[in-house]
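A short write-up of the structure that comes next.
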């Protein structure tokens with residue numbers, strides 16, 4: 001699997017730029033641009049940060065085919081909204097969910 005290509009696909013689905021990915025993942029912008037411009041394969045910690053930012057698991061990142069680890073439209077919407085929350089908002093939402 002071409003990890004850089006997969007990351008680009010996920011970014012395109014979300015309308016994210018390199019800068020947005022860096023901001024959401026907590027990675028430096030130079031880490032993101034070097035990964036693409038110098039064709040550096042992402043490390044496992046980098047992939048984990050990218051996946052966390054995009055609201056997917058590593059299994060979903062590496063899933064082959066449409067049926068493996070497929071998300072519903074509702075789940076995609078939830079993950080997209082989750083990625084826009086601050087850490088404090090995420091914590092509050094998780095507490096709310098746990099209380100239900």
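Computed from the coordinates by the stated procedures, all read-outs in this text should not be read as laboratory data. All of these numbers come straight from a predicted model, not from anything done at the bench. As a convention, Cβ positions derive from the backbone with ideal geometry for all residues, glycine included, and neighbour counts pool all protein chains shown.
Numerical summary
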item	result
Helix axis angle, 73-82 relative to the chain longest principal axis, alpha carbon, degrees	80
For the chain: span of alpha carbons on each principal axis (Å, largest first)	47, 32, 23
Tilt relative to the chain, helix 87-99 - C-alpha long axis, 0 to 90 degrees, to 10	40
In degrees, nearest ten, helix 44-54 long axis to first principal axis of the chain (Cα)	50
Peptides ranked, highest mean first, by Cβ atoms within 10 Å: ranges 25-32, 48-55	48-55, 25-32
